[in-house]
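Here's the structure we're looking at; comments come further down.
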Amino acid sequence: MERRKSITGAVVAIILAGCGVCFQQCSDARRIQWTTEQVKKNVMSNMVTATGTVEPVTNVEVGTQVSGIIDKIYVDYNSVVKKGQLLAEMDKVTLQAELQSQEAQLANAKAEYDYQQKNYARSQVLYEKKLISDTEYETNLYNYEKAKSAYDKSQADIVKVRRNLGYAVITSPIDGVVISREVEEGQTVAAGFETPTLFNIAKDLTEMQVIADVDEADIGQVADGQRVTFEVDAYPNDVFEGIVTQVRLEATVESNVVTYEVVISAPNPDLKLKPGLTATVTIYTLEKENVLAVPSKALKFIPDQALISENGIDMHSLSAQNTVLQKTLWVKKGETLEEREVKTGTSSGSLIEITEGISEGEEVVLGMELAKGRKQSVDAQEERGGGSPFMPTPPGKKKKN
C-alpha cells in the first residue's frame, strides 16, 4: 500500500513538472524581442552622379571673313600666344588689287561730284535771276545729287575693301594657348556662307570647367554652389574638386533621354586636366554634419498593444487628435515604451534627420517580434535524453538507460 502511494506521488510530481515546463515554454514563447537603435549624431549626404567633358572656361574660334589662300602660318598646336599676336596671313594680291580699283573709282566719283557741285552752284545763281528755265535747273540739281550719292557709295566701298585687306592678317583676340589648327599653308578657305575656323584658342588652362549632363530625374536636387568631385581616366588615382557654377535651363533630348547641362568649375593649377577629357562627376546635393538622425523605419513602427500588455510593458501613447498630422516614434526606456512627437528634416538613404522631439543617446524602437529559440532548446534537451521516462518512446528511437 505504501509502495502504491509512493508511485502515485511520483507520477503526480512528474505530471506537475511537465505542466510547469509547458507553462514556461508557453510563457517564453510570448516574450518580446526588440529591435532598437540609439539616437546619435551622423553625417548625412546625398549625391548625384553624371558624366561630363572637361573644357576651357574661355574658348575662342579664330576665323576669317574673306576668302583666299593661306599664305603664312606662324603658330602651331600648343603655342602660347598673346592678344594681337600674328597667327597667319592670307594672300593679299587680289585684295590689294581690289583696293586699288576701289581707290580709282573713288577718285572718279569725287571728280564727278566736284564738277556737278560747281555746275549746280552756277545754275542756282542763274535760276534766281530768271536766266535759265526750270527744266535746266532741275536737271543740274538731279546730276549734282546723283554725283553726291555715287561719291558717298565709293567712300563706303573703300572702307569695306580696306577692312577686308585687314582681315587677311589673322591675329589672336586673347592671351591663351592654341588648342587646334585647322588649316595648312597654301590651303584655300571660302567665307561665302560662314566664317571658316582657322585656330581654336583657350584663354587660361589653369581654370577649366566640366560640362556635365545630369538626368532630368536628378536635376531638381542640383543648385549653384554645391561641392563636386570628379575623376578622369587619365589619372585614376586622383580626385579633382570643383563647385557647381551654373545649371543651364536648356534641355537636351537624345534617344528619348532628357538631360540638362551643369557647369562645374575645375581649378587646374598643375595643368593635369586637358580639354576633352571625360569626367565621372559626383555632385553632393546634401551635406550635413553632427545632426541627430534615426533610421526612417522608426517612424513607421506601430507597437502590438496586446503583446506589450502580456509582457507588462508600461506604454505611454499620445492622443490620436494630436498626432493626426504629426510624425511620431517610440522611445524605449527599460520596461517603458513612450510615443514621441518629432519634427523631421532632410533624409539620406535609410536615415532621416530629427530636428526636435528627441535627444542624443535615447533608444528608439524599429521593430518587435516574438522571441524565438526557447522551444528549440527544449527539443535539444529531450534529444540528449532529458525527456520523461514515463512518456512513450517515438518510433525509431530507443530509450537510453
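All but one of (1) of a type in the set (D, E, K, R); (2) on the phi < 0 side of the Ramachandran plot; (3) loosely packed, with under 14 Cβ neighbours inside 10 Å hold for E112; state the number of the condition that does not hold.
Unmet for E112, out of (1) of a type in the set (D, E, K, R); (2) on the phi < 0 side of the Ramachandran plot; (3) loosely packed, with under 14 Cβ neighbours inside 10 Å: (3).
Within the stretch 239-273, how many residues turn out to be surrounded by fewer than 12 Cβ atoms within 10 Å (Cβ to Cβ) and not in a strand (DSSP E or B)?
Result for the stretch 239-273: 6.
Kindly establish whether E353 is of a type in the set (D, E), within 30 Å of V43 (Cβ to Cβ) and in contact (Cβ under 8 Å) with a residue 24 or more places away in the chain. Let's see the steps before the verdict.
Values: of a type in the set (D, E): yes; within 30 Å of V43 (Cβ to Cβ): yes; in contact (Cβ under 8 Å) with a residue 24 or more places away in the chain: yes.
Yes.
Against the definition (modelled with pLDDT of 85 or more, within 56 Å of the chain's Cα centre (by Cα), surrounded by 13 or more Cβ atoms within 10 Å (Cβ to Cβ) and under 30 Å from K40 (Cβ atoms)), how does E360 come out, yes or no?
no
Quick one: V125 ticks every box in (1) surrounded by 14 or more Cβ atoms within 10 Å (Cβ to Cβ); (2) over 60 Å from the mean Cα position of the chain (by Cα) except a single one, so which number is it?
So V125 meets the others, but not (1).
If E287 satisfies all but one of (1) open to solvent by 60 Å² or more (accessible area, probe 1.4 Å); (2) assigned to a loop (DSSP other than H, G, I, E, B); (3) under 30 Å from N237 (Cβ atoms); (4) not polar (S, T, N, Q), what's the number of the condition it fails?
For E287, the failing item is (2).
I'm trying to understand the selection: among the residues of the stretch 184-237, which are hydroxyl-bearing (S, T, Y) and within 19 Å of the chain's Cα centre (by Cα)?
Result: T229, single match.
Just name the residue that is surrounded by the most Cβ atoms within 10 Å (Cβ to Cβ) out of those in the stretch 144-172 that are over 15 Å from Q105 (Cβ atoms) and touching a residue at least 40 places away in the same chain (Cβ under 8 Å).
Going through the qualifying residues, I end up with I170.
Kindly indicate the residue of the stretch 173-203 that is surrounded by 14 or more Cβ atoms within 10 Å (Cβ to Cβ), hydrophobic (A, V, I, L, M, F, W, C) and assigned to a loop (DSSP other than H, G, I, E, B) and also modelled with the lowest pLDDT among those meeting that condition.
A191
With respect to L95, determine if the residue is assigned to a helix (DSSP H, G or I), among the aliphatic types (A, V, I, L, M) and open to solvent by less than 50 Å² (accessible area, probe 1.4 Å).
Yes, satisfied.
How many of the residues making up the stretch 249-269 are in contact with a Gly (Cβ under 8 Å, 6 or more places away or on another chain) and among the β-branched types (V, I, T)?
2
Tell me whether the stretch 165-181 contains one or more residues that are of a type in the set (A, V, I, L, M, F, W, C), under 11 Å from the mean Cα position of the chain (by Cα) and within 29 Å of G84 (Cα to Cα).
No, because not a single residue in the stretch 165-181 is of a type in the set (A, V, I, L, M, F, W, C), under 11 Å from the mean Cα position of the chain (by Cα) and within 29 Å of G84 (Cα to Cα).
The values are calculated or read from the model by the stated rules, or taken from the named source; none is laboratory data. Everything numeric here is computed off the predicted structure, so don't read it as measured data. Counting neighbours? That spans all protein chains shown, and the Cβs are built from the backbone with ideal geometry, glycine included. Heavy atoms of the whole protein, side chains included, go into the accessibility calculation; ligands, DNA and RNA do not. Shrake-Rupley method; radii C 1.70, N 1.55, O 1.52, S 1.80 Å.
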